[in-house]
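Accompanying notes for the structure given below.
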Amino acid sequence: MRIVLQVVRKASVSIEGKLVSSIDRGYLLLVGFTEGDTPAVAKKMCDKVCKLRVFPDENGKTNHSLSDVQGNILCVSQFTLYASVKEGNRPSFTSCMKADDARVLYGQFYADLKERIPTLQGGVFQADMVVSLENDGPFTLVLDSKELFSK
């Protein structure tokens with residue numbers, strides 16, 4: 001499982017010109033899955049996202065979590081996070097989890113986040129979305145479950 005986490009001042013998702021969801025200060029999460037990802041992995045990733053301390057304290061040090069600053073999350077499925085351009089110039093998506101399986105896992109991840117962040121907003125799985133954001137910092141992290149949780 002991969003997440004691109006961007007600290008944002010605001011972010012939104014629109015579909016066919018209509019605003020679907022939006023947040024103010026918080027995280028925009030782009031979330032992708034690969035074969036072998038499980039609900040247990042999704043739960044660990046949820047925990048990691050919620051506990052990260054990336055917001056500045058009074059001394060400018062990254063010491064505050066999302067809950068410390070009463071931040072929000074906009075969570076968007078992004079299967080292309082597992083695209084490969086190793087060979088050729090056209091991306092290969094063979095490492096991406098199949099859509100039906102990814103939909104279930106994304107739903108689980110979203111539900112886990114919603115339990116902890118009641119103001120959670122999201123995109124629409126497999127929709128052609130326009131994602132807008134105002135990056136803060138910019139501060140962007142890539143969280144990869146294989147890197148974070150492998151022994």
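The values are calculated or read from the model by the stated rules, or taken from the named source; none is laboratory data. If you're wondering where the values come from, they're calculated on a predicted model, not measured in any experiment. Methodologically, a virtual Cβ is constructed for each residue, glycine included, from the backbone with ideal geometry; neighbour enumeration extends over all protein chains shown. Ligands, DNA and RNA are stripped out before the accessible areas are found, and what is left, the full protein with its side chains, is counted by its heavy atoms. Shrake-Rupley method; radii C 1.70, N 1.55, O 1.52, S 1.80 Å.
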Seminar exercise, completed: Checked against (1) farther than 28 Å from residue 63 by Cβ; (2) modelled with pLDDT of 95 or more; (3) in contact with a strand residue (DSSP E or B) (Cβ under 9 Å, 6 or more places away or on another chain), residue 111 satisfies every condition except (3)
Exercise. Within the stretch 26-47, can one find any residue that is aromatic (Phe, Trp, Tyr), assigned to a strand (DSSP E or B) and in contact with a helix residue (DSSP H, G or I) (Cβ under 8 Å, 6 or more places away or on another chain)?
Worked result: yes
Exercise. Does residue 49 fit the bill of being within 17 Å of residue 144 (Cβ to Cβ) and surrounded by 22 or more Cβ atoms within 10 Å (Cβ to Cβ)?
Worked result: yes
Problem set entry | Tally, over the stretch 31-40, of residues that are exposed (fewer than 14 other Cβ atoms within 10 Å of the Cβ) and under 19 Å from residue 80 (Cβ atoms) | 2
For this session: Kindly indicate which of 84, 77 is of a type in the set (Ser, Thr, Tyr) and modelled with pLDDT of 95 or more.
Result: 77
For this session: Would you mind finding the one in 77, 84, 65, 92 that is of a type in the set (Gly, Ala, Ser) and touching a Lys or Arg at 6+ places or on another chain (Cβ under 6 Å)?
Result: 65
Exercise. Restricting the first residue to the stretch 66-87 and requiring it to be free of Cβ contacts under 8 Å to residues at least 60 places away in the same chain, which pairs with a second residue that is small (Gly, Ala, Ser) and assigned to a strand (DSSP E or B) meet a Cβ separation below 6 Å and a spacing of at least six or different chains?
Worked result: 71/26; 72/26; 73/26; 75/122; 79/32; 84/92
Seminar exercise, completed: Listed by first then second residue, the pairs whose first member lies in the stretch 99-120 and is over 23 Å from residue 34 (Cβ atoms) and charged (D, E, K, R), whose partner is in a helix (DSSP H, G or I) and modelled with pLDDT of 95 or more, with beta carbons under 8 Å and at least 6 positions apart or on separate chains, are 116/46; 116/50
Exercise. Mind checking which pairs have a first residue in the stretch 15-38 that is small (Gly, Ala, Ser) and a second that is loosely packed, with under 13 Cβ neighbours inside 10 Å, Cβ under 8 Å, 6 or more apart or different chains?
Worked result: 32/80
Seminar exercise, completed: Within the stretch 121-151, residues more than 13 Å from the chain's Cα centre (by Cα), touching a residue at least 24 places away in the same chain (Cβ under 8 Å) and over 18 Å from residue 20 (Cβ atoms) come out as 135, 136, 137, 138, 139, 148, 149
Problem set entry | Qualifying position, being among the basic types (Lys, Arg), open to solvent by 60 Å² or more (accessible area, probe 1.4 Å) and touching a Leu at 6+ places or on another chain (Cβ under 9 Å), among 10, 98, 86, 43 | 10
